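The values are calculated or read from the model by the stated rules, or taken from the named source; none is laboratory data. In this text, all values refer to a predicted model and were calculated from it rather than measured experimentally. Please note: Cβ atoms are built from the backbone with ideal geometry, for glycine as well, and neighbour counts cover all protein chains shown. The area values use the complete protein model at the heavy-atom level, side chains included, leaving out ligands, DNA and RNA. Shrake-Rupley method; radii C 1.70, N 1.55, O 1.52, S 1.80 Å.
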Amino acid sequence: MDEEADDLLSYPFTTEAEPGVHPRYAALRQSDSLTRVRMPYGEPAWLAIRYEDVRCVHADARFSRALAAHRDQPRAFPVMPEDSLQGMDPPDHGRLRRLASRVFSARRVERMRPLIQQLANDLLDRMEAHGPSADVIRDYGTQLTGAVITELFGVPREDRPRFAEWARSVTSTTLPREQVEDHVGRLQDYVDAMVDRCLREPSDDLIGVLVDGFGEGRVSRHELVTLARLMLAAGHDSVNYQIGHCAYLLLTHPAELERLVADPQLINSAVEELLRFEKTDELAVFPRYAVEDMRLGAGYVRAGEPVLPSRISANHDERVFDEPDRLDLGREDNPHLAFGHGPHHCPGAPLARAELQIALGSLVARFPGMRLAVPETGLEWESAGLARELRSLPITW
């Protein structure tokens with residue numbers, strides 16, 4: 001790959017925090033299937049932006065994540081977040097993936113639904129009592145996701161505020177490198193202590209499920225602690241911004257919101273469409289390295305070159321989705337890639353879906369007449385991590 005800076009596009013395409021799929025994605029999908037880019041840190045890369053190419057990069061064994069550990073991988077962060085599962089190739093990946101999937105199995109998540117529903121109801125009761133206005137993010141999303149994941153992993157209530165601070169540091173692009181490393185280390189030590197307690201006093205929470213796998217000899221102690229830390233951090237932060245942004249999409253598409261109010265059974269389909277349409281996940285991260293020369297779409301990747309798969313572009317590929325820039329809560333054919341694809345498909349997807357279905361369905365049912373309490377132009381966005389996030393989402397009803 002020619003590494004002359006003048007030949008490479010800067011990526012991400014914008015540093016602005018406001019939501020919206022950058023128009024360059026659509027333009028590039030019409031002209032090229034691969035584009036050379038340079039991120040703020042690391043070596044140049046190919047950017048895959050068509051749906052089929054992104055699927056291929058996620059699933060084809062000729063693309064390796066493990067090789068990234070030995071390279072100056074393209075990234076938006078001074079320090080790339082340790083990614084455990086995402087950083088492995090088979091067979092190690094399969095060994096750890098099976099344990100992660102056991103934690104968030106569909107059956108286990110179904111048993112979690114009453115707890116998630118009760119937590120959501122309690123927060124909505126509090127919002128209603130203090131109404132008729134509230135902040136969906138501060139009063140609902142952040143508290144719900146934090147309570148769910150820490151409750152499931154057995155984190156004591158008094159530890160949750162500092163835990164939340166540590167978790168958010170994992171994907172920050174603005175905090176000093178030393179602070180990120182300090183917070184990640186503190187979170188790792190905290191989870192390590194949780195594992196020690198569970199080894200002494202077995203529990204039936206999700207840490208207990210992971211420790212059972214450790215006792216069966218499936219994972220090392222370091223793998224166990226790192227996997228638990230990453231699950232806790234991701235479960236605490238990623239679903240939170242998804243709840244906030246999905247609520248924002250509903251509020252800024254009133255006809256679709258009314259459609260969901262009129263037909264609550266639409267919630268599962270609505271969540272899938274909101275995930276597809278979601279425009280906060282701008283960055284393509286976790287590059288895959290080609291292990292051999294190969295064609296990818298209309299392009300050609302040489303062995304040793306990294307490829308960044310853009311899920312946000314894939315989810316708006318007009319070759320796959322009819323009118324991709326139209327939000328349609330009843331969309332029937334919706335093979336979106338919001339949770340990835342192939343071996344690295346997010347093992348926490350069942351829990352994320354359950355949280356979104358319950359959180360959004362309950363919010364709409366409780367406040368069917370909800371609307372923004374400020375003009376849309378008055379909303380504040382920030383881009384301080386893997387995604388653009390709303391600082392707050394004030395509503396009234």
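Some values worked out for this structure:
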{"read-out": "Matching residues, the range 153-187, being within 30 Å of M370 (Cα to Cα) and not charged (D, E, K, R)", "value": "P161, A164"}
{"read-out": "Yes/no for R218 being in contact (Cβ under 8 Å) with a residue 12 or more places away in the chain, open to solvent by 80 Å² or more (accessible area, probe 1.4 Å) and in contact with a Pro (Cβ under 6 Å, 6 or more places away or on another chain)", "value": "no"}
{"read-out": "Wholly within the range 304-397, strands (runs of 3 or more DSSP E) carrying at least 2 residues that are under 21 Å from the mean Cα position of the chain (by Cα)", "value": "306-309, 381-383, 388-390"}
{"read-out": "Among the candidates R138, R98, R55, R111, residue that is touching a residue at least 24 places away in the same chain (Cβ under 8 Å), part of a helix (DSSP H, G or I), within 30 Å of D196 (Cβ to Cβ) and open to solvent by 50 Å² or more (accessible area, probe 1.4 Å)", "value": "R98"}
{"read-out": "Residue in the range 125-139 that is within 23 Å of M80 (Cα to Cα) and touching a Phe, Trp or Tyr at 6+ places or on another chain (Cβ under 7 Å) present", "value": "no"}
{"read-out": "Pair list, Cβ under 6 Å, 6 or more apart: the range 18-32 residue at positive phi, other residue open to solvent by less than 50 Å² (accessible area, probe 1.4 Å) and basic (K, R)", "value": "G20/K279"}
{"read-out": "All positions within the range 289-326 that are surrounded by fewer than 20 Cβ atoms within 10 Å (Cβ to Cβ) and among the hydrophobic types (A, V, I, L, M, F, W, C)", "value": "V291, M294, A298, A303, V320"}
{"read-out": "Single residue of Q143, Q117 found to be open to solvent by 20 Å² or more (accessible area, probe 1.4 Å) and under 20 Å from the mean Cα position of the chain (by Cα)", "value": "Q143"}
